[in-house]
Structures are given as structure tokens and as C-alpha cells.
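S.K.: Here you go, one structure.
The values are calculated or read from the model by the stated rules, or taken from the named source; none is laboratory data. Keep in mind the model is a prediction, meaning the values are calculated, not measured. Note: ideal-geometry Cβ built from the backbone for every residue, glycine included; neighbour counts use all protein chains shown.
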There are 2 protein chains.
Amino acid sequence: MKVNINDIARQAGVSIATVSRALNGHGLVKEETRQKILKIAHELNYTPNPIARGLSTQKTETLGIILPELVDEFFMDLIHGIDEEAYRQGYYILLSSSHSQRNIVETSLEFMTSGRVDGVILMAPKMRHELMDLVAKSKRPIVLLNCIANIKGIASFNIDNLGGAFAITQHLVDHGYKKIALITGPEGNCDAEERLKGFKKALEQNNIALNEDFIIPGDFTIKSGYYGFNRLFTQRNKPEAVFAANDMMALGIYQAAKTMGLKIPEDIAVVGFDDIRLSHYIHPRLTTIHVPIQELGSRAVRYLIKMIRQEVDPQATYHEKLSTGLIIGGSCGCQVAQLNTII
Amino acid sequence: MKVNINDIARQAGVSIATVSRALNGHGLVKEETRQKILKIAHELNYTPNPIARGLSTQKTETLGIILPELVDEFFMDLIHGIDEEAYRQGYYILLSSSHSQRNIVETSLEFMTSGRVDGVILMAPKMRHELMDLVAKSKRPIVLLNCIANIKGIASFNIDNLGGAFAITQHLVDHGYKKIALITGPEGNCDAEERLKGFKKALEQNNIALNEDFIIPGDFTIKSGYYGFNRLFTQRNKPEAVFAANDMMALGIYQAAKTMGLKIPEDIAVVGFDDIRLSHYIHPRLTTIHVPIQELGSRAVRYLIKMIRQEVDPQATYHEKLSTGLIIGGSCGCQVAQLNTII
DNA sequence: CAGAATAATGTAAACGTTTACATTATTTAT
DNA sequence: ATAAATAATGTAAACGTTTACATTATTCTG
């Protein structure tokens, strides 16, 4: 039979309020009484029912995590970071992702109104109006994981896309490349837009004229990298280096280069962005930007819990941009020892 | 101000019990009354508080998912399958994973006793005694995702490791290879043990003597594949084909082969198990066994919900083994068109 | 029309915890 | 010793829903 607080109180010869105070560590309880209660609770394997506690306190110690999809290691790393930090702070993770049967607006609405979660981490690469409305109206703390920065009353976290793209483009420039192309991410995706900005900024700061023919639209898939590179190399004016706005597209470029009989980096230097695991194992190892995804997850959780606990103002405007790191492989032209290659 | 059931009842001029009956669709309610209540609830944006409902019904419509780790695409695919099916059936996912700060026994105990979840999906590659005790004593339905099969009162799901290993070993035999090696998975990991069994069974059924020197222990990492292959090829007696018990180890074999100046499949045929995404992009494409991980997740959820709803006996013994598929690449010696390669 | 059966609704309590405020016990100060 | 202050405990209600069983309303049958 399930033990409840009344059983503990009866056996300890005190009221249920005293049991509650003893177990929760606030309110006055004589130390002697408290020890007695703790001992009995331990003997009877009693822990407070979190559902009842949730109804009483209006807090569930649960965080809602809303993701746009669950398709690659990025999301694994993010969830991993979130899970670790949440656990560390005594929170549970209610996970939800968009798929063919559910969209992100419905899920967001539900999490924000249902009482199941104390706060929400929302990742939506494209922030539609209806979503922004929801976020603005929410009674529950929310942390966004995207480019939205310095908007009144919004807390958001992201990686420094612009800084990373700048760094890797600068690296190509430092190699002496002048004709540098970019295969972009999807239109409307703000990470992609920031990477484009970083690319342009690096060219500008190095007094390299931007050639619009060297900006090819992509969609973060291998295929768009493959076809984008094909397009670049069927143009009259050919680049000497190409920056793929993510590593998957860089893989597509590797494919296309092989098909065309081009050598990397001798004929064409290639760099990517996000340092997926695969990038370690291709030849030459891809030069790319490492992004701290787990840390992104854990920092977002930390701030969200601060808001829930009112340790920071939930209405405050806050933004964090996590810095990225340049990972040197051989694909840009650097001479590196390469042990970890497949072929 | 948060609307509650009393507001709806007052405005509809009925009791809260009638509101509850109307919204939950059971118990008698006059259709006219029901429509009126639904209309008002909709106008006031009322939905029942799930926490209060949970306390009353002792059901939260939440499933606890306990995973041993969150490190690769296997877990992403599994969570994806779980998430989709749970959503389809109106359930939420409370996700928890082991990490440096938490072990699987604690988490299992907590999920089974705390009332936060209606049932649990537990994946533990090594079923320790204390875990088996917990599972046996649990008041909540549990589905295991591992090799435990046909144990009294336990429901479990897994992929057909033995069948897949048999099939891929048979494929090597069909190529005419007689000297076939295996790099195993970790000791005590039952998936690994089943793959070893399938390997042995294929040899036996083809009257090929098992050479113990051709069984090399591995741990599912690239490194153990690399060093395992090195060991195989420093032996006097060398194999003509090697089956890596997972694709990551197969990648390690590719590395080692390159280092040694061996060609795949000309000098040594290589096959793997689990068809990770990376296996599509190496040259030659790895011949491997495809495993339906998303389906594993969704079938486990489906059965768990059946147990929760008492549509099946929660004390019944049940096991499902999901069949695998042979994916032909060039690494075994088959001639295949290979477009999707990196180099 | 009256009684029986069925449909519909309401009342009260349950679920298990937390906590504001009232009450009691103990300690301190004069 | 008495009064005031502080510590400790208890009572009652709250949180928001569900549902067993009682009550009332409506319909059916003889």
C-alpha cells in the first residue's frame, strides 16, 4: 500500500504540516522532531507525491524542450547538454519535437498553458509571427535557442555564427585565397544568415570585393553542397576556395570534387561549419568551426531555471552568444598530420 | 486569470461534475447540455489542468524513457520513433539518460515510484541484478529494450541481432570466403553476444570450422576496430573477410587497412552492422545490416500504452524481435554503382 | 394516471501535498 | 513571578480535477 504523509505524521505523532516542514527544510521545526520524521520517512520509503506537490505549489520541476526535429547529432548533443544540467538542478525534461503530425506552434501553446512544465526551451530556426506572439504572451519563462537577440523581454542563446564564419573565412584569406565562394544555408534560417554576414564581413575587412556569383544558395544538405559546387565549377569564373555553411554541404562538395577529378585542397580548398563527427574521418580532414552544442543546452537550462526561481527577472532582455573554435584539418591547405582518416 | 472548471460550471449553469462528464465523454450528459459546455469551454480557452487530473486519476499521460547514454544517432532515431508514437497516442515523453552524475538504477527507481509517469521504457544493455529486481517489483508497466526475451512477466523489444549477423556472415560465405573473422562488441553486452551467436551459426550451417584466432574482442568503438584489425593482420593466419560487430568498428578497419596499404574489398572484405549514416559515404560503401531503430521505439511505446490501458495483461510475458535488412555496398566484393561517396 | 425504469444531474469526498494564520509551548527580560 | 518575545506546532483550507452514490427529472409501460 502506498505510504502517504498521513502515515508519517501518525507514526511520528505530529501533524502533517510538521512533516511537510521537516521534509522541505523551511518553516520552523525542532531539530529533534525533524530527525524523527526523516527517520520514519526513510524506513517507510516515503517520498512526497510530485503530482500532489505540483498541484499545491503550481510547480512541477519539469522543463519543456521543444525542438524543430530530431534528425542528427546536433540534437543529440543539445539534448545531452540539457539533460545533464537539468538533472544537476533537480529538474526533469519533457521532450517534444515537430514531426509530420505535429507542428511547433501547437506544441508551444500546449506547454505554455497546460501546467505540465515550469518553463520552456524553444528552438525554432524560423520564428513565425504566431510563435513570437505566443512567446510574448507566455506566463511561463521561456528561453529561445536561435538568433533572436536583444528583443525586449526575451531570453535567447545561440552560438556565434557570425564570429565563426568570420574566423574561417579569415583563415582562408590568411592562406592567400582571394576568390572565395560560399554555399549558404536555407533562406529564412537565421543561423544561415549570420554565417553569410560573417563571410561578408571577413571579405570586407580584408578589402576583398564580394563577387555575387560566388554566393550559391544551399539548404544544409549534402545534395545542395554537391549541386552547389557543380554550379560554381560550371561558371566561367571559378573560386580557389569554398566555404560551405555547414559540414554536410562540405561533404557534398567532397563528392562533387571527386566526380570532377579535382583534388582538395590542391585544386580547391574547402571549409565547413559545425564540426560534425563525420568531418574527422574524411580525407583530407575538413577544416571547420567547432560549435559547443552541449554547452548551449546546459547554459540555456541554467538561465531558464534562474528565471523560474526568480533569481533573474523573467521579463529581462538577455542574450548569450557562445564562441566557436577553428578546427584545422588539411582541406584548407594547412599541412597537418592526419591519422584519423578512412581512406 | 486562469480559468478553472468552476468558471465553466457557473457560466453553463450546471455542476462541475457535469462539466467533467461533458469534457471527458463518459458518464451521461444530455447532448444539448454537452454542446453548451463545450462552447463555453472553447470561448474561455479552458482545458483541464493535467496536474489536478493526474492527482485525481493517478495517471499523467506521460511515459518515462530511460536510456544508457545519449551519444550517437542510434539514440536520436530511437527517441524520434518514441516521440512520434507517443504523440500519436496522446502521451508525453519524460526523457532521462545516464551520465557521469546519475546512474540507471536510481533513475529507474525514481520513475517507477514517483507517480510522474504511467509507464517506463528502459534500455539497459547490461541488466544488473538490482535492475532486474526493480523491474520485477514495479507497480508500473515497463517495456525493456534489450535482449531479455521470454522471461516470465517481462515485456521486451529488440532487433534481431542474431538474424542480422547470420545474414551478413552468410553473405560473406556466399561470396566464397572461408576465412572469416569477427571483431566482437563489448563483453557482457547482450546485443554483442547475439551477433557473435549469429556469426557462429552461419559458419556452422555452412560447415566452416570456427577459428578462435579469428574472434577478436572489440568495444564498438572505431579504435577497437582499428587495433582489432591490426591484431588480425599481424597473425600468421590471416582472414579474407572480416565482420565488424558494428559500423563504427568497421570504420576503424577501413583506417587500419589504409595504413597497411590493403585494398577493400580486393585484399580484405569488410562488413558491418547497424547501417549508420556514415556508412553511406565511405569508399567502398560498407555492406552492413540495417536496423529499424525508429520502429523499435514506436513499437515499444505502442505495447507500453496497451499495458497502461490494460488492453493487454501487464504481467504477461512478451517479446518482439524486429527483423533487420542486408544493405549491399562494395566492401564485401559485390559490384555496385557508388554515387554517394566522399572520396 | 400511477408506478417503474431510465436518463441526467448534483453533492460530497477523494486524490496528497503545501502553507497562512491560529494556537500552544518555551525562552527571555524585567 | 509576570509579561513579552520567540519557537514550534496544529488546523483548516487551498490547489483543480474526477467520480461514487444520492437525488431529481424524464420517459416508458401497464
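S.K.: Could you look through the range A:242-262, keep only residues that are polar (S, T, N, Q) and in a helix (DSSP H, G or I), and pick out the one that is farthest from the other protein chains (Cβ to nearest Cβ)? Step through it out loud before you land on a result.
M.R.: Going through the range A:242-262, the residues polar (S, T, N, Q) turn out to be A:246, A:255, A:259.
Okay, now just the ones that are also in a helix (DSSP H, G or I), so A:255, A:259.
Working: A:255: 6, A:259: 9 Å.
My answer is A:259.
S.K.: Could you please let me know if residue A:34 is surrounded by 15 or more Cβ atoms within 10 Å (Cβ to Cβ) and within 16 Å of DNA strand C (Cβ to nearest atom)?
M.R.: Against the criterion (surrounded by 15 or more Cβ atoms within 10 Å (Cβ to Cβ) and within 16 Å of DNA strand C (Cβ to nearest atom)), residue A:34 qualifies.
S.K.: Checking residue B:27 against (1) within 9 Å of DNA strand C (Cβ to nearest atom); (2) closer than 27 Å to residue B:138 by Cα, which test does it fail?
M.R.: (2) is the only condition that residue B:27 fails.
S.K.: Please go through the range A:77-91 and give me each residue that is at the interface with another protein chain (Cβ under 8 Å from one of its Cβ atoms) and crowded, with 23+ Cβ neighbours inside 10 Å, ordered by number.
M.R.: A:79, A:83
S.K.: Conditions: (1) more than 7 Å from DNA strand D (Cβ to nearest atom); (2) in contact (Cβ under 8 Å) with a residue 12 or more places away in the chain; (3) touching a Ser or Thr at 6+ places or on another chain (Cβ under 9 Å); (4) within 14 Å of chain A (Cβ to nearest Cβ). Residue B:63 meets all but one. Number of the miss?
M.R.: Failing condition for residue B:63: (3).
S.K.: Being outside the structural domain of residue A:315 (by TED's automatic domain parsing) and touching a Pro at 6+ places or on another chain (Cβ under 6 Å) is the requirement here; does residue A:207 meet it?
M.R.: Considered against the rule, which asks whether it is outside the structural domain of residue A:315 (by TED's automatic domain parsing) and touching a Pro at 6+ places or on another chain (Cβ under 6 Å), residue A:207 comes out as no.
S.K.: Test residue A:55 against the criterion of being more than 8 Å from chain B (Cβ to nearest Cβ) and assigned to a helix (DSSP H, G or I), and give yes or no. Explain how you work it out, then say what you get.
M.R.: Details: more than 8 Å from chain B (Cβ to nearest Cβ): no; assigned to a helix (DSSP H, G or I): yes.
No: the conditions fail for residue A:55.
S.K.: Return the only residue of A:165, A:202 being under 18 Å from the mean Cα position of the chain (by Cα) and among the aliphatic types (A, V, I, L, M).
M.R.: From the options A:165, A:202, the qualifying one is A:165.
S.K.: Can you work out which of the residues in the range A:229-239 that are surrounded by fewer than 24 Cβ atoms within 10 Å (Cβ to Cβ) and in contact with a helix residue (DSSP H, G or I) (Cβ under 9 Å, 6 or more places away or on another chain) is farthest from residue A:294 (Cα to Cα)?
M.R.: Applying the filter and picking the extreme gives A:236.
S.K.: In the range B:55-76, which residues are farther than 18 Å from residue B:304 by Cβ and of a type in the set (Asp, Glu)?
M.R.: Result: B:69, B:72, B:73.
S.K.: Any idea how many residues of the range B:30-52 are within 13 Å of chain A (Cβ to nearest Cβ) and in contact (Cβ under 8 Å) with a residue 24 or more places away in the chain? First the steps, then the outcome.
M.R.: Within the range B:30-52, the subset within 13 Å of chain A (Cβ to nearest Cβ) is B:44-52.
Cutting the leftovers down to in contact (Cβ under 8 Å) with a residue 24 or more places away in the chain gives us B:44-46, B:48-49.
Residues in the range B:30-52 being within 13 Å of chain A (Cβ to nearest Cβ) and in contact (Cβ under 8 Å) with a residue 24 or more places away in the chain: 5 in total.
S.K.: Now, a different point. Go through the range A:193-207 and give me each residue that's more than 10 Å from residue A:165 (Cα to Cα) and surrounded by 14 or more Cβ atoms within 10 Å (Cβ to Cβ).
M.R.: Correct list: A:193, A:203, A:206.
S.K.: Which members of the range A:5-31 meet the condition of being under 18 Å from residue B:114 (Cα atoms) and either among the small types (Gly, Ala, Ser) or loosely packed, with under 15 Cβ neighbours inside 10 Å (or both)?
M.R.: Passing the criteria: A:6, A:20, A:24.
S.K.: From the list A:239, A:265, A:314, A:284, pick out the single residue that is assigned by TED's automatic domain parsing to the domain that holds residue A:153 and assigned to a loop (DSSP other than H, G, I, E, B).
M.R.: Among A:239, A:265, A:314, A:284, only A:314 is assigned by TED's automatic domain parsing to the domain that holds residue A:153 and assigned to a loop (DSSP other than H, G, I, E, B).
S.K.: Got at least one residue in the range B:130-140 being closer than 24 Å to residue A:85 by Cα, surrounded by fewer than 19 Cβ atoms within 10 Å (Cβ to Cβ) and more than 13 Å from every other protein chain (Cβ to nearest Cβ)? Lay out the reasoning, then the answer.
M.R.: Filtering the range B:130-140 for residues closer than 24 Å to residue A:85 by Cα gives none.
No.
S.K.: Now for a different question. Restricting attention to the range B:29-44, report how many residues are aliphatic (A, V, I, L, M) and near DNA strand D (Cβ under 9 Å from one of its atoms).
M.R.: Looking only at that region, the number is 0.
S.K.: Another question, then. Give the residue that is surrounded by the fewest Cβ atoms within 10 Å (Cβ to Cβ), with candidates limited to residues of the range B:143-158 that are touching a residue at least 40 places away in the same chain (Cβ under 8 Å) and under 12 Å from residue B:66 (Cβ atoms).
M.R.: Of everything passing the filter in the range B:143-158, B:146 is surrounded by the fewest Cβ atoms within 10 Å (Cβ to Cβ).
S.K.: Continuing with this model, one more query. Sort out which residues of the range B:301-334 are touching a helix residue (DSSP H, G or I) at 6+ places or on another chain (Cβ under 7 Å) and buried (at least 22 other Cβ atoms within 10 Å of the Cβ), and write them in order of number.
M.R.: B:301, B:324, B:332
S.K.: Here's something else I'd like to know. Would you please name the residue that is nearest to residue A:127 (Cα to Cα), looking only at residues in the range A:92-106 that are surrounded by fewer than 22 Cβ atoms within 10 Å (Cβ to Cβ) and more than 7 Å from chain B (Cβ to nearest Cβ)?
M.R.: Applying the filter and picking the extreme gives A:105.
S.K.: Inside the range A:19-68, can you point out the residues that are closer than 26 Å to residue A:88 by Cβ and β-branched (Val, Ile, Thr)?
M.R.: The answer is A:47, A:51, A:57, A:60, A:62, A:65, A:66.
S.K.: Continuing with this model, one more query. Inside the range A:84-114, can you point out the residues that are over 16 Å from residue B:97 (Cβ atoms) and part of a helix (DSSP H, G or I)?
M.R.: A:104, A:105, A:106, A:107, A:108, A:109, A:110, A:111, A:112, A:113
S.K.: Just the residues that are part of a loop (DSSP other than H, G, I, E, B) and touching a residue at least 40 places away in the same chain (Cβ under 8 Å), please, taken from the range B:187-210.
M.R.: Hits for the range B:187-210 are B:188, B:189.
S.K.: Further question: Of all residues in the range B:58-83, which are over 26 Å from residue B:274 (Cα atoms) and outside any loop (DSSP other than H, G, I, E, B)?
M.R.: B:62, B:63 - these are the residues of the range B:58-83 that are over 26 Å from residue B:274 (Cα atoms) and outside any loop (DSSP other than H, G, I, E, B).
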